[in-house]
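A quick write-up on the structure given underneath.
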Amino acid sequence: MKLKSRKLTGGQAAIKSLRKEQVKHVFGLIGSATMEMFDAIYHDKKIKFIDVRDERTGTHMADGYARASNQPGVIIAGQNGPGATNLVTGLAQAKAAFSPVVSLAGLYSTKDKMEDAFQGLDQQSLFEPVTKKTITLKNSKNIPNAISDGFNVAMSPRRGPVCINLPRNLLAEKNNYKINEKIKSFKNTNNTQSNPNSIKRAAKLISNSSKGIIIVGGGIKYTSGFKPVIELAEYLNVPIVTAAGHGDAIPFNHKLNAGQMGPRGNPVATKLTKEADIILAIGTRLGFNSTFYSFENINKKAKIIQVELEKKMLGKYFPIKIGINADAATTANQLLKEFKKQKIKSEVKIWTERFKNERSKYLFQRNNIPSKNYPIQPPGLFKELRKVLPKNSAITLDAGTLCLQATDALEYYNPPSLFTPLDFGLVGFSYACGLGVKVAKPKRTVVSLMGDGGFGMTISELSTAVEHKINTITIVMNNKSWGAEKAYQKDFFGKRYLGADISSPPFSKVAELYGAKGYKVRKLSEINDAVKSALKVNKPVVIDVDVDPKALYSFRRDSFKHRSK
């Protein structure tokens, strides 16, 4: 097909390039540096612009959108300098989570010297450490190619964020452009197959095992590739353990699902990982939040077979017996075909039956713990949420002691359903991420758990939610403190509290002032009715829950081993 050349401003060409990539939603905050782009969006009928109150939270929205939709999330920082610098935290979070966020940032004119320009800053150097690739335009004719390259890089294995700096004078210049809107620059799937010899070696190793497990992570979760993993686990009759923050990689109710492993997981999955003689790690780096990079959390004698798309991650944190550089779900299918030619050890049945009994006891005890009505304890709150939240719920979590306790305490049925900042440990992520998830999946119930400190950071986005009818439910677990830090001061610094206690306005009332719906919960007996009512409200909802300020837990005890007693 012969394309017609059209005379466009650089800003119009940029938006036409987004159309080429089939972008339907753009998050952003306007600024004078990129007015030509925003004017082009105004005239566009296919791209919905969601104006945010802060570029950082807008980046978290784009991040949540990307993770939930399996499409790039797009954020525009309209102003160079301070508008662009606000992107940094969100892009660093996206990079840690391998999330394909494409950020477009305004930049001072190419005619200006950086040190003399108003709001001038070396944005190329600024963004390089927190992105997979940073591109700074020098010629307006290159705008379509740069955006095409950005989307391709963001979505190529291993995925990650990209920043494109667009000088204001280039966006105003007019040129003739040929942009084919029918062919996007990236693919959503990767079917890279494993080497057949590696598959045979892995199958032979696993066949000789009597205490094997499969550990799955984001490589399965974000591709919804759990079906071949389940088929493989069922054929081998071995438990499936999920990496921390990826408890939704396998539907909760599958009989072989052990839940999340490690310091932030549950005791059953953690015990399996410490005792397994063979570990098949599919789509996981065996990273920090799952293992703390310590043999205290994984059997030192276990033979590890690791399947990873990013070659440099193979064996990066633990010695491996076999490394397979390929797509996780595709490899699971290949292994299943190979195993059907081999005999499985009968001893596996004893190992797996023991696991099932321990998992059953653990879940029974978890669901039957006595719950204080007041003050509300986190396990009691999570117990009630398990009862009342719909099975299709998508859950977003913040960092912090209360949200970390929730990581394996809730149930996830439809991958991807759990969105966390665990790789970056970011407070202030959950609420904004939830808005992005809801935009991507409008029919799903989206519930964002936050502490009072984190919600205070991002509360202004209630305005965005109300304006654009992004109806999520936010549960603020209000313990009137920076809980994780207060726990460390309690356990390691003689209860010498400084800056740990915080005060906040009544979030339920603030929500009403923004035009949302607010509920206040002081007793555990009130949470069920509040959530049930929230599910029926056609507005954004904030449920402010008083949680016992003394219910503190030091997750990173290992960080303070250096302290003398």
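Numbers for the structure displayed
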read-out: Every residue from segment 410-451 that is at positive phi and in contact with a Lys or Arg (Cβ under 9 Å, 6 or more places away or on another chain); value: GLY428
read-out: Hits in segment 50-71 - residues which are in a strand (DSSP E or B) and surrounded by fewer than 19 Cβ atoms within 10 Å (Cβ to Cβ); value: ASP51
read-out: Matching option when the condition is assigned to a strand (DSSP E or B), of a type in the set (A, V, I, L, M), touching a helix residue (DSSP H, G or I) at 6+ places or on another chain (Cβ under 9 Å) and in contact (Cβ under 8 Å) with a residue 24 or more places away in the chain, among ILE459, ILE475; value: ILE475
read-out: Residue within segment 528-547 that is touching a residue at least 12 places away in the same chain (Cβ under 8 Å) and acidic (Asp, Glu) present; value: yes
read-out: Spans of strands (runs of 3 or more DSSP E) in segment 234-332 with at least 1 residues more than 25 Å from CYS403 (Cα to Cα); value: 278-282, 303-308, 322-325
read-out: Any hit, segment 28-39, residues being modelled with pLDDT of 95 or more and part of a loop (DSSP other than H, G, I, E, B); value: yes
read-out: Sole exception among (1) among the hydroxyl-bearing types (Ser, Thr, Tyr); (2) surrounded by fewer than 21 Cβ atoms within 10 Å (Cβ to Cβ); (3) within 24 Å of the chain's Cα centre (by Cα) for THR472, by number; value: (2)
read-out: Odd one out for VAL74, checked against (1) assigned to a helix (DSSP H, G or I); (2) in contact with a helix residue (DSSP H, G or I) (Cβ under 9 Å, 6 or more places away or on another chain); value: (1)
read-out: Residues of segment 433-463 classified as of a type in the set (Ser, Thr, Tyr) and buried (at least 24 other Cβ atoms within 10 Å of the Cβ), total; value: 2
read-out: Residue within segment 270-277 that is in contact with a Leu (Cβ under 6 Å, 6 or more places away or on another chain), in the same structural domain as TYR222 (by TED's automatic domain parsing) and not acidic (Asp, Glu) present; value: no
read-out: Failed criterion for GLU308 (all others in (1) of a type in the set (Asp, Glu); (2) farther than 24 Å from ALA96 by Cα; (3) at pLDDT below 95 hold); value: (2)
read-out: Output for segment 523-563, where each listed residue is surrounded by fewer than 14 Cβ atoms within 10 Å (Cβ to Cβ), of a type in the set (S, T, N, Q) and in a helix (DSSP H, G or I); value: SER525, SER533, SER559
read-out: All positions within segment 349-359 that are surrounded by 18 or more Cβ atoms within 10 Å (Cβ to Cβ) and either aliphatic (A, V, I, L, M) or touching a helix residue (DSSP H, G or I) at 6+ places or on another chain (Cβ under 8 Å) (or both); value: PHE355, ARG359
read-out: Whichever residue in segment 201-225 is in a helix (DSSP H, G or I) and touching a helix residue (DSSP H, G or I) at 6+ places or on another chain (Cβ under 6 Å) and, among such residues, is surrounded by the fewest Cβ atoms within 10 Å (Cβ to Cβ); value: ALA203
read-out: Condition check for ALA105: among the aliphatic types (A, V, I, L, M), touching a residue at least 60 places away in the same chain (Cβ under 8 Å), within 21 Å of ASN188 (Cα to Cα) and buried (at least 17 other Cβ atoms within 10 Å of the Cβ); value: no
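The values are calculated or read from the model by the stated rules, or taken from the named source; none is laboratory data. In this text the structure is predicted, and so the values were computed from the model without any measurement. Neighbour counts are summed over all protein chains in view; Cβ atoms, including those assigned to glycine, are modelled from backbone coordinates with ideal geometry.
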